[in-house]
Amino acid sequence: MGGSWSVAALFWLAVTASSMTAYAAGSPPEPIAELAPFVVTDGIIAEPLQGRIGDAVRGRAIVANRQLGLCLLCHSAPIPEERFQGNLSGNLAGIGSRASAGQLRMRLVDARQLNPSTIMPSYYRVNKLTRVTPAQQGRTIFSAQQIEDVVAYLLTLRDDRGALASDAIRRIRSPATENK
């Protein structure tokens, strides 16, 4: 069967597959009952979800993970070991200088509140969604902790190349330092 796939269809397929993979791997997203309440004021979510403190090292791992959030499907980021990064959306290098924690949190939680036609998924939303697989219904893509981890990582990307933050994070968790 010939033809081409739209970007939105490919993205939906990739997110669906990654959600099913994460669910099957024993790390299901949060059910509705565990969603953290949050307040949107002037297009931002100022307070961390559930008061959680993000971990930039875990956040970098989430952004780089091709099975969980699929960030690199659309974005490029200063993660040189990950090949074939996206160009459908902005480069994440320097995003920590361009956006606040509240702005980043809002985009991750529900980017459609800022841009109703965005193809970016709502990582922490469970209502008014379409094309949701049965296993994913009533569940978020990311947990509150994962949202905060990604925000913490993105805030470290302070220069246009993002190299300083990525190198510093890599040194923090390098095998040589973990065993000491």
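Things worth noting here:
- Approximating the spin labels as points 7 Å out from Cα along Cα→Cβ, the GLN137-to-GLN67 distance works out to 2.6 nm.
- In the context of the full protein assembly, PHE38 retains an accessible surface of approximately 80 Å², using a probe radius of 1.4 Å and ignoring ligands and nucleic acids.
- In units of the rule-of-thumb radius 2.2 N^0.38 Å, the range 36-172 shows an alpha carbon radius of gyration of 1.01.
- With the biggest extent put first, the Cα atoms of the range 39-94 measure 36, 23, 21 Å across the principal axes.
- Using the Karplus relation 6.51 cos²θ - 1.76 cosθ + 1.60 with θ = phi - 60°, the per-residue 3J(HN,Hα) values for the range 127-141 come to 10, 6, 9, 10, 6, 9, 5, x, 5, 9, 4, x, 10, 8, 6 Hz, with x marking Gly and Pro.
- The stretch between GLU82 and GLU47 holds 9.5 nm of extra length on full extension. This uses 0.36 nm per residue minus the Cα-Cα distance.
The values are calculated or read from the model by the stated rules, or taken from the named source; none is laboratory data. In this text, all values refer to a predicted model and were calculated from it rather than measured experimentally. Don't worry about glycine lacking a Cβ; one is built from the backbone with ideal geometry, like all the others, and counts go over all protein chains shown. Note: areas computed on protein heavy atoms with side chains; ligands, DNA, RNA excluded. Shrake-Rupley method; radii C 1.70, N 1.55, O 1.52, S 1.80 Å.
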